[in-house]
Structure formats: C-alpha cells, structure tokens
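Quick notes on the structure that follows.
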Amino acid sequence: MNAAVSTSAGVLEARNIVKTFSVRREGRTREVRAVNDVSVAVAPGEIVGLVGESGCGKTTLSRIMIGIEQPTQGEVRYGGKPVADRADWAALRRSVQYVFQDPFTALCPTMRIGKALAEPLAIHGLCAPSERDGKVARMLEMVGLHPDVARRMPNQLSGGQRQRVNLARALMVEPKILICDEIVSGLDVSVQAQVLQLLLDLKQRLDLSLIFISHDLRVIRYLCDRVLVMYLGEIVEQGETASVFDNPRHDYTRTLLAAIPDHSRALAAMADNA
Amino acid sequence: MAAPATLPTQGGPGLIQRLRVNVALGAGVVLLVIMVLAAVAAPLLASSGPTEVDLMAVRLPPSPQHWFGTDAVGRDLLSRVLYGGRVSLLIAGVGMIGSLTLGTLMGMLAAFGNRFVRPAVDRVIEIQLAFPYVLLAIAVTSAVRPSTPVLILLMVLAAWAAAARVVRAIALQERGKDYVKAAEVLGASRLRIAMLHVFPSVLPSLVVLAAMQMAAMIVFEATLSFLGMGVQPPTPSWGGIMLDGKNYITSAWWVASLPGLAIVVTSLALVLIGDGLQARTEAMRAREGDR
C-alpha cells in the first residue's frame, strides 16, 4: 500500500478500482466485474499504455479516471489528494482531459468546429472573447488542419479530421495529462500513423503525459514508455514497454504478442526506424 | 469501421418514396398557403361583413350571389368562413406556440433537471396526458366565463404534455451520447449543454410537432366552439359557425358542412406538411450517419 504513495504533484492515480455492472439474463440478475481491483498511476511526462482485448475493462477504467463513470469501489487521486466531490472533478478536468474513441459521436452534430473549439475557452474564461478565433486557428494549425476548418460542420469532415478536432478541443484547456481511449482504432491505417505521429509531436511540444488505451500492441510499442496489460478486468502484467514485449511473463501477454501479424518482422522494422 | 457513416444515403429512402414525400409536402404547403391567404385577405374577398344580417335572404343554398349560401339570419356564409378562418387560425397559432414553448421547457427539464426535478416533471406530464381535455374544458368554462384567452389557455393545457414527451425523449437520447460527455469533461454546465448542444438537435422535431399540433389545435378550437365553450357569437370561428348550422343540418346542410370542410382541408394540409417534414428529418439523420 505504502509503495503506491507517490504523492508528487501532477500525478494522476486510480487506486484499487472495482466496477461492477448488474446484468440481467433469463430473469436472474448477475454481477459482472468489469474492472477488478486495478491501480494505475501516470507521472508527469510519461506515456502509459493500457492494452487488452475488447471488453476487458480498459475503457471503463479510463472513464472512471475522468469521472464520466463512478467506481463501485476505490478512488481516483490527483496530486496526492482524493477526487471526491463535484468541485474536485471540475478542478481535475482543468488539467486532465479525455479524447473519445469514436470521432463521429464525440462532436456535437449541430455545432460548427470553430464554436466547438472556442467553447472551452468561453467556459473557463481562458482568454478575451476577441482572442478566441485566433487561438482556435492556431490550435487547428497545431493539429495539422487548415484554419478554414473552423467554419465547417462535423459531418463535413473525415474521421481522421474529426479525431484531430477532438484532440484540439481537449487541448484547448491546456491540460497536463491526456487520456486517449482507442483514438485511432476507428481510423484507416494510413491515417492512424499520422494521428499517432501528431500525438507524439504534441506530447513533446506541450509537455503532456498520456494514458494511451489500445488493443493494438504495435501502436502501444511505438508510443509508450510503460505498458499495463489488462485481461478480464485485471492487470495481469506491467512494466517498461520494451521488457514486457521482449520478455512477457504472463500467458495472456504471450498470446497477445503471438497474435500480432508478422510480429518479428514488425519488430525488426521498428528497430530499424529507431 | 467508420466508413459506413460517410457513405452517401446507403439504405436511405428510394426515389419513389422520396417523390411521394415531396408531393405530399408540396400539396400540404399549397393547401395551407391558400387557406392562410384566404383568411388574411378576408376583407378583400368577402362580399359582405361577417356579421351583416339580411333577413330577406335566410338559409339560401349556395348560388352565384352567395357561393357558400347564407345562414339562419341571412349572413353570407363565405364571408363568415373567411373571417372565421382568421379567428380560428390565429387562436390555433397562438395556442400552438404556447403549447410548444411550455412543452419544450418541461421536456428539457424532464431530461436535464436535477434528480428531484426530473421525476416531478415526469409525473406532471403523465397526469396531464391521462386527463381528458374536454372534461377539463367543461370544468374550467363552467367556473369562468368562456372567452378567447381562456380558450387559448385550455388549448395550451391540453397539448403541451404531448410536446413535452417528444422533447424529453429526444433530449434523453442525445444526452447519452459521447458529445454530451465530452462537453461535461470540458467543464460545460448542464444548462449550457441543454441549450447549446442538445436543443439544436431537438429543433427539427419541434418543426414537425408545430405542424401536427397546429392541426390538432384547429380541431380542438372547433370542438370547444362547437360545444359553446370557445369563441363566443357573433364573432365567427369555424367551430362556432358549425354550431350555428347544427339545428338546420337536414334543411340547410351548407351552414354546418362548409366550415367543416375548411377545418378538414386546413388540418389535412398541416398533417401532410408534418408527415413530409418528419420523413425529411429522418432521411437527414440517416444521411448524417447519426448513430
């Protein structure tokens, strides 16, 4: 227990999180443990990968960490203090932001991109109203979009463009930690690479920490310093990305690694690039 | 995975169905425009005032002089139906706007209120939906003298709950979507989410509701006036004129049936418009890849 008390400033931590859902089948109610006693922490400047198959609880865990879902047990801590009430969550969301998995549902369909991006500035009064358009244009350029995109509606953009907009919107409040839930899994492979590269650039430029959730081990390997492997609601293995990939200890991790098409060739290719 | 959402109108309505929708919508608009123009231009079109009595020309059947015939005291029926249209359409319009305003407010409260407000509003909507409105009207008009403001109030009371239920359903559906959660994470207040994010998605359905409720309002005004609880004589309204003709239905059929025809045509036009708009918003949603 004491070992987990890394109470330095800026650390986001989920402690002993349990989340159960009631599922009703054939008239009987059954408890399903989506997340079972899981702890995660992310320190400033770190990229933590959370990997596991669909339905293993990684999205639920990430949603608990931003307060969209409530844990059945356990607590979320930020900067060493528990996040308890509404005010705490509001404070946390000034420095921790979230990018949703599905770029098509995460943007309000009736709001222009420019307005959607300016909204966080207006809500928190981050700058004078006259400066908002300029900030939005600069942010659009930073995520690799033309400033004219501000005048478009969400349905006029492609999936990759929308995901860049979602990323930009989360960055408008200048967060220190960004939680990315499968943000490239809905995109074409060629676009995936662009968005990942963008994420790495932004991480460098804005000094971000990332929690990066994915079921794609190649993406995790490419991006993360540290990786946690989730299986059926529990963390079965964690450690430095390289050591987990080169020397997996848990059977599930081995199965995952073996399932990567051309794993050895992909590794070789990445080693060449590095 | 994301590809189907960007494909154009796959599985959307076919050409024939789209054509049918457009023809119905067009016919509705044309009919409604005719009825509204006739009511607005009543002073130009009517051959006499709506309350001008001519005791020498009582209960005349339709003829070149009196296209719609005359009633029991010799008033020109076409003039009365034209002027009655002004009264009926105006009252229905004001009633519809009042009902939609109250309904939208309550529907949004039922979706976005706090945990005490939501169930309370839900119960009020249910009670209102369960209450027979003609009974309510009889109760109210026996307590206070029937007049036009009372009539409009009754119409709003009778119709707002149906609008509230539609608004609530759409708002709740939108509320569960990721974009609302994203706004919450960015710090948006519940009021802000309701007004700026969710309400614009409710708007297309509100336009459909406006047409449907306008039709219901016209019938409701006619019902109450026919029962003597609505617009009071000698002011003509479509329901009121039908009441005048009720006693002569076998000897002078035109007095009751021609204002009835005006009611049927107008509400038919509005229902056609409502159906057409509904089909269009649905097609639009399907195109947007709204999931």
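If I go through the stretch A:19-44 residue by residue, how many of them are in contact (Cβ under 8 Å) with a residue 24 or more places away in the chain and in a loop (DSSP other than H, G, I, E, B)?
Counting residues in the stretch A:19-44 that are in contact (Cβ under 8 Å) with a residue 24 or more places away in the chain and in a loop (DSSP other than H, G, I, E, B) gives 2.
Looking at A:Glu75, A:Glu13, A:Glu46, A:Glu31 in this structure, which one is at negative phi, loosely packed, with under 11 Cβ neighbours inside 10 Å, touching a strand residue (DSSP E or B) at 6+ places or on another chain (Cβ under 7 Å) and not hydroxyl-bearing (Ser, Thr, Tyr)?
Among A:Glu75, A:Glu13, A:Glu46, A:Glu31, only A:Glu31 is at negative phi, loosely packed, with under 11 Cβ neighbours inside 10 Å, touching a strand residue (DSSP E or B) at 6+ places or on another chain (Cβ under 7 Å) and not hydroxyl-bearing (Ser, Thr, Tyr).
Closer than 27 Å to B:Leu31 by Cα and either among the aromatic types (Phe, Trp, Tyr) or crowded, with 22+ Cβ neighbours inside 10 Å (or both) - does that describe any residue in the stretch B:139-150? Walk me through how you get there before you give the answer.
Going residue by residue through the stretch B:139-150, those that are closer than 27 Å to B:Leu31 by Cα are B:148.
Going one step further and asking which of them are either among the aromatic types (Phe, Trp, Tyr) or crowded, with 22+ Cβ neighbours inside 10 Å (or both), we end up with none.
Within the stretch B:139-150 (the criterion being closer than 27 Å to B:Leu31 by Cα and either among the aromatic types (Phe, Trp, Tyr) or crowded, with 22+ Cβ neighbours inside 10 Å (or both)), the answer is no, since none of the residues qualifies.
Suppose the filter is touching a residue at least 40 places away in the same chain (Cβ under 8 Å), within 14 Å of chain B (Cβ to nearest Cβ) and more than 30 Å from A:His124 (Cα to Cα); does A:Ser190 pass it?
Values: touching a residue at least 40 places away in the same chain (Cβ under 8 Å): no; within 14 Å of chain B (Cβ to nearest Cβ): yes; more than 30 Å from A:His124 (Cα to Cα): yes.
No; evaluated as a whole, the condition is false for this residue.
Checking A:Val76 against (1) under 24 Å from A:Arg162 (Cα atoms); (2) touching a residue at least 12 places away in the same chain (Cβ under 8 Å); (3) β-branched (Val, Ile, Thr), which single condition isn't satisfied?
(1)
Testing A:Gly55 on (1) within 14 Å of chain B (Cβ to nearest Cβ); (2) more than 16 Å from B:Val185 (Cβ to Cβ), one condition comes back false. Which one is that?
Among (1) within 14 Å of chain B (Cβ to nearest Cβ); (2) more than 16 Å from B:Val185 (Cβ to Cβ), the lone unmet condition for A:Gly55 is (1).
Kindly indicate which of A:Ala106, A:Ala116, A:Ala84, A:Ala90 is facing chain B (nearest Cβ under 10 Å) and either in a loop (DSSP other than H, G, I, E, B) or of a type in the set (D, E, K, R) (or both).
Matching residue, one of A:Ala106, A:Ala116, A:Ala84, A:Ala90: A:Ala106.
Looking at B:Met229, B:Met284, B:Met242, B:Met214, which one is surrounded by 23 or more Cβ atoms within 10 Å (Cβ to Cβ) and over 28 Å from B:His66 (Cα atoms)? Don't jump to the end; show me each part of the working.
Numbers: B:Met229 fails: surrounded by 23 or more Cβ atoms within 10 Å (Cβ to Cβ); B:Met284 fails: surrounded by 23 or more Cβ atoms within 10 Å (Cβ to Cβ); B:Met242 fails: over 28 Å from B:His66 (Cα atoms).
Unique residue meeting the criteria: B:Met214.
Okay, residues lined up against (1) within 24 Å of B:Ala211 (Cα to Cα); (2) in a loop (DSSP other than H, G, I, E, B); (3) modelled with pLDDT under 90:
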site: B:Gln17; (1), (2), (3): yes, no, yes
site: B:Val23; (1), (2), (3): yes, no, yes
site: B:Met56; (1), (2), (3): no, yes, yes
site: B:Pro62; (1), (2), (3): no, yes, yes
site: B:Phe68; (1), (2), (3): no, yes, yes
site: B:Val73; (1), (2), (3): no, yes, yes
site: B:Val94; (1), (2), (3): yes, no, no
site: B:Gly107; (1), (2), (3): yes, no, no
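Does B:Pro233 satisfy the condition of being modelled with pLDDT under 90 and within 14 Å of another protein chain (Cβ to nearest Cβ)?
On the way: modelled with pLDDT under 90: yes; within 14 Å of another protein chain (Cβ to nearest Cβ): no.
No, not satisfied.
Quick one: which strands (runs of 3 or more DSSP E) lie wholly within the stretch A:134-250 and hold at least 3 residues that are more than 25 Å from B:Ala188 (Cα to Cα)? Give the steps one after another, and end with the answer.
Details: elements: A:177-181, A:209-214, A:226-231, A:234-240.
So the answer is A:226-231, A:234-240.
Is there a residue being within 14 Å of chain A (Cβ to nearest Cβ), in contact with a Lys or Arg (Cβ under 8 Å, 6 or more places away or on another chain) and surrounded by 15 or more Cβ atoms within 10 Å (Cβ to Cβ) anywhere in the stretch B:198-206? Don't jump to the end; show me each part of the working.
Filtering the stretch B:198-206 for residues within 14 Å of chain A (Cβ to nearest Cβ) gives B:198-206.
After this cut, where a residue has to be in contact with a Lys or Arg (Cβ under 8 Å, 6 or more places away or on another chain) as well, the list is B:198.
Checking the rest, the ones that are also surrounded by 15 or more Cβ atoms within 10 Å (Cβ to Cβ) come to B:198.
For the stretch B:198-206, residues within 14 Å of chain A (Cβ to nearest Cβ), in contact with a Lys or Arg (Cβ under 8 Å, 6 or more places away or on another chain) and surrounded by 15 or more Cβ atoms within 10 Å (Cβ to Cβ): present.
When you scan the stretch B:179-195, how many residues do you find that are crowded, with 19+ Cβ neighbours inside 10 Å and touching a residue at least 24 places away in the same chain (Cβ under 8 Å)?
Final tally of qualifying residues: 2.
Have a look at B:Ala183, B:Ala216 and point out the one that is at the interface with chain A (Cβ under 8 Å from one of its Cβ atoms), among the small types (Gly, Ala, Ser) and assigned to a helix (DSSP H, G or I). Step through it out loud before you land on a result.
Working: B:Ala216 fails: at the interface with chain A (Cβ under 8 Å from one of its Cβ atoms).
Answer to the selection: B:Ala183.
Being in contact (Cβ under 8 Å) with a residue 60 or more places away in the chain, within 14 Å of chain A (Cβ to nearest Cβ) and buried (at least 17 other Cβ atoms within 10 Å of the Cβ) is the requirement here; does B:Ala164 meet it? Break it down into steps so the answer makes sense when it comes.
Details: in contact (Cβ under 8 Å) with a residue 60 or more places away in the chain: yes; within 14 Å of chain A (Cβ to nearest Cβ): no; buried (at least 17 other Cβ atoms within 10 Å of the Cβ): yes.
Criteria not met by B:Ala164.
Conditions tested, residue by residue: (1) within 20 Å of B:Glu174 (Cβ to Cβ); (2) surrounded by fewer than 16 Cβ atoms within 10 Å (Cβ to Cβ).
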residue	(1), (2)
A:Pro109	yes, no
A:Cys127	no, yes
A:Ser130	no, yes
A:Asp133	no, yes
A:Met139	no, no
A:Asp148	no, yes
A:Met153	yes, yes
A:Gly159	no, no
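Table: residues versus (1) of a type in the set (Val, Ile, Thr); (2) more than 15 Å from A:Leu167 (Cβ to Cβ); (3) modelled with pLDDT of 90 or more; (4) in contact with a Phe, Trp or Tyr (Cβ under 6 Å, 6 or more places away or on another chain).
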residue	(1), (2), (3), (4)
A:Leu199	no, no, no, no
A:Gln204	no, no, no, no
A:Asp207	no, yes, no, no
A:Leu210	no, no, yes, no
A:Ile213	yes, no, yes, no
A:Arg218	no, yes, no, no
A:Val227	yes, yes, yes, no
A:Gly233	no, yes, no, no
A:Asp246	no, yes, no, no
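For the condition assigned to a helix (DSSP H, G or I), of a type in the set (D, E, K, R) and at pLDDT 85 or above, what is the one hit in B:Asp275, B:Asp244? Let's see the steps before the verdict.
Numbers: B:Asp244 fails: at pLDDT 85 or above.
Going through B:Asp275, B:Asp244 in turn, the sole match is B:Asp275.
What single numbered condition from (1) touching an Asp or Glu at 6+ places or on another chain (Cβ under 9 Å); (2) away from chain B (no Cβ under 14 Å); (3) among the small types (Gly, Ala, Ser) fails to hold for A:Ser130?
Result: A:Ser130 fails condition (1) only.
Would you mind stating whether A:Leu217 is more than 10 Å from every other protein chain (Cβ to nearest Cβ), within 27 Å of A:Ile123 (Cα to Cα) and touching a residue at least 24 places away in the same chain (Cβ under 8 Å)?
On the way: more than 10 Å from every other protein chain (Cβ to nearest Cβ): yes; within 27 Å of A:Ile123 (Cα to Cα): no; touching a residue at least 24 places away in the same chain (Cβ under 8 Å): yes.
No.
Of everything in the stretch A:244-259, what is without any contact (Cβ under 8 Å) to a residue 60 or more places away in the chain and within 22 Å of the chain's Cα centre (by Cα)? Give them in sequence order. If you could, list the steps in order and put the result at the bottom.
Initial filter on the stretch A:244-259 (without any contact (Cβ under 8 Å) to a residue 60 or more places away in the chain): A:244-255, A:257-259.
Within the stretch A:244-259, A:Val244, A:Phe245, A:Thr253, A:Leu257 qualify.
Of all residues in the stretch A:137-151, count the ones that are away from every other protein chain (no Cβ under 14 Å) and touching a residue at least 24 places away in the same chain (Cβ under 8 Å).
Taking the stretch A:137-151 and keeping what is away from every other protein chain (no Cβ under 14 Å), we get A:137-138, A:140-151.
Next, from what is left, pick out any that are touching a residue at least 24 places away in the same chain (Cβ under 8 Å): A:140, A:142-144, A:149-151.
Residues in the stretch A:137-151 being away from every other protein chain (no Cβ under 14 Å) and touching a residue at least 24 places away in the same chain (Cβ under 8 Å): 7 in total.
Among the residues that make up the stretch A:117-133, is at least one of them charged (D, E, K, R) and within 14 Å of A:Ala14 (Cβ to Cβ)?
Applying the first criterion (charged (D, E, K, R)) to the stretch A:117-133 yields A:119, A:131-133.
From the residues that got through so far, the ones that are within 14 Å of A:Ala14 (Cβ to Cβ) too are none.
No, the conditions are met nowhere in the stretch A:117-133.
The values are calculated or read from the model by the stated rules, or taken from the named source; none is laboratory data. Predicted, not measured: the structure shown is a model, and the values here were computed from it. Reconstructed Cβ throughout: ideal geometry from the backbone, glycine too, with neighbour counts over all protein chains shown.
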